[in-house]
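Contents: one structure, followed by commentary.
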Amino acid sequence: MTTVEPRGGATEAGGRAAVLRTEDVAVHFGGIKAVDGIDLALEQGRILGILGPNGSGKSTLLAAITRLVPLTRGRLLLDGEDYGRTPPSRLAHRGIARTFQTVRLLPELTVLGNIQLGADLRRSRSERLRELVRRDVPAAVREAVERTGLGDLLDLFPGELSYGTARRVEIARALASRPRVLMLDEPTAGMNQPERLEVAGLLRRLRDEGLTQLLVEHDVQMMVDTCDRLLAMNQGLPIAEGAPADVVRDPAVQEAYLGKRWNRAGDR
Ligand SMILES: Nc1ncnc2c1ncn2[C@@H]1O[C@H](COP(=O)(O)OP(=O)(O)OP(=O)(O)O)[C@@H](O)[C@H]1O
Ligand SMILES: [Mg+2]
């Protein structure tokens, strides 16, 4: 696989190269069509947001892209190359990292230990041993700590952290694998408004540094303020795609949320 950043070639409407794309991706669980034909393109250095009511297939789509569930149909492409058979454990090596909808930190490891796990995904055993002997903190871990502002909390255990901080540690862990593409499934769920704004600011800064992101969130205002493009889903299908302000005004999107609350700050 090429390590050259894609420039030119398969460009999107916006003129940017697509780092990752899906073609007609479907995931069915028996009769449930959780995802049923999604084409998306993650453009270099942009944030694509996925919006949709509960159960519309957002997390399943992320699971498909990160190879945690098998595809019923469709293709997954990274730099134009099919990675549909790459095991999930190898995705970090190809530059794909993710966080989950629920906090998944190891309770017996400190904040630093948890972040280090992200770096371990991408380093060889000999590198890890060398660091252990020298008690080195890998540069990727130091960077991730700095970017997420967790420097003062490294010795704490997950049980001692606020919910918002725990989620920031997860983002740091994902960053420690030095991804090219970061996927975030509701990174601000359960956070208060200041924490949400802080995370949104962090994602925008990472984007400005060139990190390509896929963001699933229910907070519509945050999505409009943070994403470069939005894809709205309902019942596994795409219902609108484009500039964030247009997508949230789209009648099909409004209809999909009709009778349901727009999940706002602190919701869920
Ligand atoms: N492993 C599974 N087995 C069977 N059905 C599943 C499985 N995972 C998800 N589903 C179903 O697929 C549909 C989509 O679920 P998914 O979790 O992807 O939705 P979502 O958009 O992430 O919802 P939320 O906003 O609540 O997180 C739902 O009907 C769900 O019950
Ligand atoms: Mg979900």
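The values are calculated or read from the model by the stated rules, or taken from the named source; none is laboratory data. All figures in this text were calculated on a predicted structure; none of them were measured in a lab. Note that we place each Cβ from the backbone using ideal geometry, even for glycine, and neighbour counts take in every protein chain shown. These accessible areas exclude ligands, DNA and RNA; they are computed on the full protein's heavy atoms, side chains included. Shrake-Rupley method; radii C 1.70, N 1.55, O 1.52, S 1.80 Å.
The residue list Leu76, Leu42, Leu20 contains one member that is over 20 Å from Leu206 (Cα atoms) and hydrophobic (A, V, I, L, M, F, W, C), which is Leu76. For region 42-76, the tally of residues that are in contact with an Asp or Glu (Cβ under 7 Å, 6 or more places away or on another chain) and surrounded by fewer than 18 Cβ atoms within 10 Å (Cβ to Cβ) stands at 2. Is region 17-31 home to any residue that is within 16 Å of ligand 2 (Cβ to nearest atom) and within 17 Å of the chain's Cα centre (by Cα)? No, the conditions are met nowhere in region 17-31.
Gln213 meets each of the listed conditions (1) open to solvent by less than 40 Å² (accessible area, probe 1.4 Å); (2) touching a Gly at 6+ places or on another chain (Cβ under 8 Å) apart from (2).
Filtered by the rule that a residue be open to solvent by 50 Å² or more (accessible area, probe 1.4 Å), among the charged types (D, E, K, R) and under 21 Å from Thr102 (Cα atoms), region 141-177 gives a lone residue, Glu160.
If you go through region 224-239 and keep only what is more than 13 Å from ligand 1 (Cβ to nearest atom), under 16 Å from the mean Cα position of the chain (by Cα) and either of a type outside the set (Ser, Thr, Tyr) or open to solvent by 40 Å² or more (accessible area, probe 1.4 Å) (or both), you end up with Cys227, Asp228, Arg229, Leu230.
Scanning region 45-82 for residues that are away from ligand 1 (no atom under 16 Å from the Cβ) and touching a residue at least 12 places away in the same chain (Cβ under 8 Å) yields a count of 10.
Taken as a whole, the condition of being more than 11 Å from ligand 1 (Cβ to nearest atom), modelled with pLDDT of 95 or more and in contact with a Lys or Arg (Cβ under 9 Å, 6 or more places away or on another chain) applies to Asp24.
Hey, does region 89-97 have a residue that's in contact with a Pro (Cβ under 7 Å, 6 or more places away or on another chain), away from ligand 1 (no atom under 13 Å from the Cβ) and part of a strand (DSSP E or B)? For region 89-97, residues in contact with a Pro (Cβ under 7 Å, 6 or more places away or on another chain), away from ligand 1 (no atom under 13 Å from the Cβ) and part of a strand (DSSP E or B): present.
Of the residues making up region 32-44, just one is within 16 Å of ligand 2 (Cβ to nearest atom) and either without any contact (Cβ under 8 Å) to a residue 60 or more places away in the chain or aromatic (Phe, Trp, Tyr) (or both), namely Ile32. When region 50-76 is filtered for residues that are part of a helix (DSSP H, G or I) and away from ligand 2 (no atom under 12 Å from the Cβ), the ones remaining, listed by number, are Ala64, Ile65.
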